[in-house]
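Notes follow once the structure below has been shown.
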Amino acid sequence: MAIERTFSIIKPDATRRNLTGQVNACLEEAGLRIIAQRRIQMTTAQAESFYGVHRERGFFRDLVTFMTSGPVVVQVLEGENAVARNREVMGATDPAKAAAGTIRARFAESIEANSVHGSDSAENAAIEIAFFFAGTDLVG
Ligand code: ATP
Ligand code: MG
C-alpha cells in the first residue's frame with residue numbers, strides 16, 4: 001500500500017466541546033500522522049469555496065453558517081492509504097449510521113455538526129491541502 005496524504009478538518013462542534021485532542025488521538029491510533037495542523041476561523045468565502053461542490057444542495061447555506069460558527073482545525077494526515085483510512089475512522093456522514101467506535105459515532109451531534117471532514121479522493125485531497133497549506137507547511 002502506498003503512503004498517501006489526506007486533508008482533514010476538525011469542525012466547530014468538536015472545537016467548541018474541546019475535543020481536538022480526542023479526535024487527534026483517534027487519528028493517530030488509526031495509524032495516521034498529523035504532518036500539518038492549524039487552528040483557524042474560516043471565513044464565509046473560504047467555506048463557500050471549500051464546499052462549492054454542494055452549492056446547489058438544500059443544506060448549503062446552513063453548512064457555510066455552521067463551518068464559520070467557530071474555530072476549526074485544518075490538518076494534513078499522512079499514512080498508508082490515508083484517504084480511505086481516514087474515511088474509515090471518521091465513519092458515515094450521518095452519525096446515526098456511523099459504525100461504532102468511529103469519530104462520528106463517538107462525537108458527532110448531527111448529520112451537519114458531524115465533528116470532522118475528510119477528503120473523499122486523493123485528487124481532492126491534493127486540491128484541499130493546497131487550499132489551506134503551503135508546501136513548506138507540510139513536515140512529514
Ligand atoms: P465531509 O465532506 O465534511 O467530509 P462527507 O463527505 O461525509 O463529509 P458530504 O456529502 O461531502 O459528506 O457533505 C459535506 C458535509 O455537509 C457533511 O459532512 C455535513 O456536515 C453536511 N451535510 C451533508 N449532508 C447533509 C444533510 N442532509 N443535512 C445537513 N448537512 C449535511
Ligand atoms: Mg465530502
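Applying a threshold of 6 Å to beta carbon distances and a minimum spacing of six or more residues, or different chains, the list of pairs starting in the stretch 118-129 at a residue that is over 13 Å from residue 87 (Cβ atoms) and ending at one that is not in a helix (DSSP H, G or I) reads 128/7; 128/119; 129/7; 129/76. Filtering the stretch 84-112 to residues that are open to solvent by 10 Å² or more (accessible area, probe 1.4 Å) and of a type in the set (A, V, I, L, M, F, W, C) leaves 84, 89, 92, 96, 98, 99, 100, 105, 107, 108, 111. Would you confirm whether any residue within the stretch 25-34 is open to solvent by 40 Å² or more (accessible area, probe 1.4 Å) and within 15 Å of ligand 2 (Cβ to nearest atom)? Scanning the stretch 25-34, I find no residue that is open to solvent by 40 Å² or more (accessible area, probe 1.4 Å) and within 15 Å of ligand 2 (Cβ to nearest atom), so the answer is no.
For the stretch 1-50, the helices (runs of 4 or more DSSP H) that sit wholly inside it and include 1 or more residues that are of a type outside the set (Asp, Glu) and under 17 Å from residue 77 (Cα atoms) are 20-29.
The values are calculated or read from the model by the stated rules, or taken from the named source; none is laboratory data. Note that the structure is a prediction, hence the values are computed from the model and not measured. Cβ coordinates were reconstructed from backbone atoms using ideal geometry, including for glycine residues, and neighbour counts include every protein chain displayed. In case anyone asks, the SASA skips ligands and DNA or RNA and just uses the protein heavy atoms, side chains included. Shrake-Rupley method; radii C 1.70, N 1.55, O 1.52, S 1.80 Å.
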